[in-house]
Number of protein chains: 2
Amino acid sequence: MGKDKKGLTVGKEENFSEWFPQLMLKADLADYSAVSGMTVYKPSAYAIWENLVSEVDKRFKKLGVKNVYFPMFIPEKLLSKETEHIEGFAPEVAWVTHAGKTKLNERFAVRPTSEAIMYDSYSKWIRSWRDLPLKYNQWNNVVRWEFKHPVPFLRGREFLWNEGHSAYADKKEAEKEEGKIMSIYKEVCENYLALPGLVGRKSDKEKFAGAEYTVSLEYLMPNGKAIQGPDFHFDGQKFAKVYDIKFLDKDEKKKYVYQNTYAITTRMLGVMFAIHSDDKGLVLPPNIINEKIAIVPILFEDTKDKVLEKAREIGRKLKKYGAWVDDRDYSPGWKFNEWEMKGIPVRIEIGPRDLKKKEVIVSRRDTNEKKNVKIKDLDKFVKSLLEDIQKNLFERAKKKLYDNIVEVNDLKGLEKALKNKKIALTPLCKEKKIDEKLKTKTGAKVLNIPINQPNKKGKCVISGKEADYWAYTGKSY
Amino acid sequence: MGKDKKGLTVGKEENFSEWFPQLMLKADLADYSAVSGMTVYKPSAYAIWENLVSEVDKRFKKLGVKNVYFPMFIPEKLLSKETEHIEGFAPEVAWVTHAGKTKLNERFAVRPTSEAIMYDSYSKWIRSWRDLPLKYNQWNNVVRWEFKHPVPFLRGREFLWNEGHSAYADKKEAEKEEGKIMSIYKEVCENYLALPGLVGRKSDKEKFAGAEYTVSLEYLMPNGKAIQGPDFHFDGQKFAKVYDIKFLDKDEKKKYVYQNTYAITTRMLGVMFAIHSDDKGLVLPPNIINEKIAIVPILFEDTKDKVLEKAREIGRKLKKYGAWVDDRDYSPGWKFNEWEMKGIPVRIEIGPRDLKKKEVIVSRRDTNEKKNVKIKDLDKFVKSLLEDIQKNLFERAKKKLYDNIVEVNDLKGLEKALKNKKIALTPLCKEKKIDEKLKTKTGAKVLNIPINQPNKKGKCVISGKEADYWAYTGKSY
């Protein structure tokens, strides 16, 4: 793989839509496969997913969420039960029609999401108030056969995710889950992926098909397009009524359960890669990766053994921070380029001259700064450097996000904001088809409606009527 | 779920084929789904799978194996390239033919195994000896549309597994991986699942389609049928030649790589449930589960608070061993039955009379023995009890296995052994179609050929010729 390694040929600002897929390939995160629209998750990307899963899953388990596994195939009859829900997915469903040479009696959907198959079981399992709340989750793969241009991690025909599916006896208790789950997603995205997001409710038009309301985290991509991150749906009793999920309450009455669903997907990896990286390649937050520090010995014939020995000693000491010695048979320059492209947060160079001065050169990938550090101070230095990089990436992304949000008061203001690739905080009314009109007039959509609303009134930029809320609006994936 | 809980209505010895699925449902491990042949993995079973994955994966990573994720769909053209390989799977492949309302230009197989899609990428990724060995693994779901009677965990149309796929420059180095991988599988199955297995090479007839040879671990089920556990395949250069996986070696020559594949599946959960459990329900080895000790307080109106308080105090102390207090609003007897059915290794009862004597009653699920234990000695007692249960289950399974292996020297001996539901160590020759003749004559097949061969000669029980090896033979899943 070594030989054909080359730098990125386009810049992030200059041409994001070429820069991004090029980065994905050259930083060895993904590759195209023989199936159009389905990419391979290569080891370094998959390891990040494993770490993300582990952090989120740990927190789910503390809430009492239990993992399960449901079949990947869903009988057509079952999927079609909830018409509103199926309409949202129908055009993208991959259908299994044959097994071996046999044509099957019924078609099976390859799961685009598991409500249908799970709630069919829930209706058998849930009998009494004692069985509630039931809080199950799956980590699995789903297929949505999109016909839009695929982009690794951001849009593809198969992705990995969690799908949480809870059932509650009480409406209020069910709705309380929103805060618990969304704060897990927010915390992990902030503290591990170093990604600040905008939390809010989706508009009725943009909410999940089948939900009463949807809460989402929205992110701003470098090309000025917003992208949806993790979300939470309060489904009320909609699915319960369709799939007949009833329980005998303490008052001896049969009642429908209240349900929630929630998800985070591999898309977040793409969002993270896009937001932090630069024209030299990938930039990764230390907290979400295992290999954080590349130690590169500078080897000359006469001092080789000594330098290698010292490098390894340092490697052993810093192993707890995710350090390893790159003693492969390549030139130091080649290795520097590789770790820069692959976004390793810290690089330590050690050569014979450094050794004499009992120091090493430490480079940080986020700012590309270099510093000479005494070997005796290295442990402490590296520990705080990793923390600093993590913090810096988050702060940088946060500044970028908030620098790109503008408050608008009229259509002209909105158009200008969109032209400048910004997210606009926009007054809107609840008039019918307002989302559609917004889209037609500006190309933008409602991202979400912030929970904490600005403390002032406004006129809807579309209808001119008294606005019902302020919404984040923008171009979007 | 409480009300309809009942004991098992058939015995394990009496009617295994009814007892086993009944146990799976009543111990709340699995449930049937709307898709025939695909079962739901319920939380307690899925948690075991998570623990098994975690133990195996940790060991894989120490060997330098990296996890990846490849698309679940495989283009028909790609799958058909390796004819020998595809023949093994063709009758069981589920085919995707439509997306939404669109008929697809080509059919996609839902992955029955990933050689085809992975090696297509390997052929692009592997260029030089520096890229080798390449040791990738996936934990994923696969579909094989079997038409045989499905049994939860043991035989179904979808299962979860790991599929390891390595490529080596050197044949010997490749073959060395066998010992490393098989000892991981063996160790985890022995020390966590408490399952002893028979390790050996598959006969040519029984090996993986496409492999040069297959090594497996075989287990004996309570009904006298053997079942295959984890396996390892040395594929030589077979796939490399079909999928064109070549590298430039140090001598500047282009060469095909040598490849291995290996897998462990959710089937092992079924094997574990079947082997250890009894007529009262599930029996689980402590090492593979999280919830190991159920503390059941015996509550009367006047002493309720005191007893509960003590139970919780004990619960906190024993939390490190996986203890929790079952303070639900059910009767103690109901709880005893539940934890017996669900195979919790240790149950601690504490009531007002015990409290006065400063003791509790400890029951172990493997032998159903009860013992009064002073509260002050409980920590130490429980720690060693869990170790003892783990050890006892393994030893019991081992005795059962080896008590049921007999050496036979002729066809009559073999027939008798099979009638008595035993595995037979059988002399066989390598004559063509010998496996088929064995099957026709006796209904048995070659399970595997032990690596450590008995130090004596024998006559093939089928052909009467000088035997080439001793093989484990038996009825099999």
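The values are calculated or read from the model by the stated rules, or taken from the named source; none is laboratory data. What you are looking at is a predicted structure, and each value in this text was computed from that prediction instead of being measured. Here the Cβ is made from the backbone with ideal geometry for all residues, glycine too, and neighbour counts use every protein chain on show. Please note that ligands, DNA and RNA were not included when accessible areas were found on the heavy atoms of the full protein model with its side chains. Shrake-Rupley method; radii C 1.70, N 1.55, O 1.52, S 1.80 Å.
A few points about this structure:
- Residue within the range B:43-54 that is closer than 26 Å to B:Val188 by Cα, open to solvent by less than 50 Å² (accessible area, probe 1.4 Å) and of a type in the set (S, T, N, Q) present: yes
- Taken over the range A:160-177, the criterion of being open to solvent by 40 Å² or more (accessible area, probe 1.4 Å) and touching a residue at least 40 places away in the same chain (Cβ under 8 Å) is satisfied by A:Asp170, A:Lys171, A:Glu173, A:Glu175.
- Residue in the range B:166-184 that is in a loop (DSSP other than H, G, I, E, B), closer than 27 Å to B:Thr442 by Cα and in contact with a Lys or Arg (Cβ under 9 Å, 6 or more places away or on another chain) present: no
- Meets criteria (β-branched (Val, Ile, Thr), open to solvent by 10 Å² or more (accessible area, probe 1.4 Å) and facing another protein chain (nearest Cβ under 9 Å)) for B:Thr102: yes
- Among (1) more than 30 Å from A:Ala174 (Cα to Cα); (2) in a helix (DSSP H, G or I), the one test that A:Asn51 misses: (1)
- Residues of the range A:360-393 satisfying the condition of being in a strand (DSSP E or B), under 21 Å from A:Lys280 (Cβ atoms) and open to solvent by 50 Å² or more (accessible area, probe 1.4 Å): A:Lys370, A:Lys371
- Boolean, B:Leu198 is hydrophobic (A, V, I, L, M, F, W, C) and either more than 14 Å from chain A (Cβ to nearest Cβ) or free of Cβ contacts under 8 Å to residues at least 24 places away in the same chain (or both): yes
- Restricting attention to the range B:445-456 and to residues that are in contact (Cβ under 8 Å) with a residue 12 or more places away in the chain and outside any strand (DSSP E or B), the residue that is farthest from B:Asp410 (Cα to Cα) turns out to be B:Ile451.
- Test: residue in the range B:21-28 that is farther than 22 Å from A:Ile126 by Cα and either among the basic types (Lys, Arg) or in contact (Cβ under 8 Å) with a residue 24 or more places away in the chain (or both): no
- Selection status of B:Ala116, open to solvent by 30 Å² or more (accessible area, probe 1.4 Å), of a type outside the set (D, E, K, R), within 30 Å of B:Ala240 (Cβ to Cβ) and within 11 Å of another protein chain (Cβ to nearest Cβ): no
- Subset of the range B:81-97 that is farther than 16 Å from A:Thr102 by Cα and open to solvent by 30 Å² or more (accessible area, probe 1.4 Å) - its residue that is farthest from the chain's Cα centre (by Cα): B:Lys81
- Verdict on B:Pro427 being in contact with a Phe, Trp or Tyr (Cβ under 7 Å, 6 or more places away or on another chain) and surrounded by fewer than 22 Cβ atoms within 10 Å (Cβ to Cβ): no
Residues are listed down the side, and each one gets a yes or a no for (1) open to solvent by 10 Å² or more (accessible area, probe 1.4 Å); (2) over 19 Å from A:Lys207 (Cβ atoms); (3) under 22 Å from the mean Cα position of the chain (by Cα):
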{"site": "A:Glu395", "(1), (2), (3)": "yes, yes, yes"}
{"site": "A:Glu407", "(1), (2), (3)": "yes, yes, no"}
{"site": "A:Leu414", "(1), (2), (3)": "no, yes, no"}
{"site": "A:Asn455", "(1), (2), (3)": "yes, yes, no"}
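- Only one of A:Tyr32, A:Tyr69 that is within 12 Å of chain B (Cβ to nearest Cβ) and over 30 Å from A:Asn223 (Cα atoms): A:Tyr69
- Pick from the range B:127-137, criterion in contact (Cβ under 8 Å) with a residue 12 or more places away in the chain and open to solvent by 30 Å² or more (accessible area, probe 1.4 Å), ranking: nearest to the other protein chains (Cβ to nearest Cβ): B:Arg127
- Count - residues of the range B:138-162 that are in a strand (DSSP E or B) and either more than 13 Å from B:Val35 (Cα to Cα) or over 15 Å from the mean Cα position of the chain (by Cα) (or both): 12
- For the range B:55-65, a residue qualifies if it is in a helix (DSSP H, G or I) and either open to solvent by less than 50 Å² (accessible area, probe 1.4 Å) or more than 10 Å from chain A (Cβ to nearest Cβ) (or both), and the qualifying residues are B:Glu55, B:Val56, B:Asp57, B:Lys58, B:Arg59, B:Phe60, B:Lys62.
- Top-ranked residue in the range B:36-52 [being aliphatic (A, V, I, L, M) and touching a helix residue (DSSP H, G or I) at 6+ places or on another chain (Cβ under 8 Å); ranked as farthest from the other protein chains (Cβ to nearest Cβ)]: B:Leu52
- Exactly one residue among A:Ile288, A:Ile361 is touching a Phe, Trp or Tyr at 6+ places or on another chain (Cβ under 6 Å) and within 30 Å of A:Lys12 (Cβ to Cβ), and that residue is A:Ile288.
- Spans of strands (runs of 3 or more DSSP E) in the range B:204-287 with at least 3 residues open to solvent by 30 Å² or more (accessible area, probe 1.4 Å) and over 21 Å from B:Tyr469 (Cβ atoms): B:254-256
- Single residue of A:Lys180, A:Lys124 found to be over 26 Å from B:Tyr69 (Cβ atoms), within 10 Å of another protein chain (Cβ to nearest Cβ) and open to solvent by 30 Å² or more (accessible area, probe 1.4 Å): A:Lys124
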